[in-house]
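Undergrad: This is the structure, below, for whatever I ask next.
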Amino acid sequence: MQYFLGLPTFKKEKVFAPSLFVEIRKRLGTSYWQDINTVIIEQDITYPTDLKILNASRQKLEEIIATVCVTTNQEMPRTYKRVARRDFLNVSKKKNAAISKYAKAMESS
């Protein structure tokens with residue numbers, strides 16, 4: 001904490017009183033915090049799941065394979081991209097997919 005405040009050396013005593021933030025909040029008043037709440041916008045955040053991580057790694061691996069094949073002048077191997085993508089989309093669109101469907105989608109990846 002002291003490093004982020006820019007203090008030149010470490011001090012054992014407290015940098016500020018614990019009630020300082022309470023005092024600042026009271027001084028600013030409720031209208032300030034209501035204005036801030038109107039500025040804050042909720043965003044649609046997606047959380048990583050095993051299936052999303054697996055799909056992302058599959059896509060990255062396909063890119064690596066393509067790069068290696070181009071640089072070494074080799075023919076692209078069969079990767080079943082379309083089948084894997086189709087299975088991923090079919091499973092990910094369902095809200096409560098059964099475990100067996102996840103396993104099947106992972107097998108084709």
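The values are calculated or read from the model by the stated rules, or taken from the named source; none is laboratory data. Worth saying up front: this structure is predicted, and the values here are computed from it rather than measured. Cβ coordinates were reconstructed from backbone atoms using ideal geometry, including for glycine residues, and neighbour counts include every protein chain displayed.
Undergrad: So which pairs qualify, if the first residue must be in the stretch 12-33 and outside any helix (DSSP H, G or I), the second must be loosely packed, with under 10 Cβ neighbours inside 10 Å and not acidic (Asp, Glu), the Cβ gap must be under 9 Å, and the two must be at least 6 apart or on different chains?
TA: Cβ pairs passing all conditions: Val15/Met1; Val15/Leu5; Phe16/Leu5.
Undergrad: Follow-up question, since we're still on this one. Please note which helices (runs of 4 or more DSSP H) are completely contained in the stretch 46-109 and include at least 1 residues that are at pLDDT below 75, surrounded by 13 or more Cβ atoms within 10 Å (Cβ to Cβ) and out of contact with any strand residue (DSSP E or B) (no Cβ under 8 Å at 6 or more places or on another chain).
TA: Those helices (runs of 4 or more DSSP H) span 99-108.
Undergrad: Report, by residue number, each residue of the stretch 57-93 that is over 25 Å from Thr46 (Cα atoms) and of a type outside the set (Ser, Thr, Tyr).
TA: Those that are over 25 Å from Thr46 (Cα atoms) and of a type outside the set (Ser, Thr, Tyr): Ile64, Ile65, Ala66, Val68, Cys69, Val70, Asn73, Gln74, Glu75, Met76, Pro77, Arg78.
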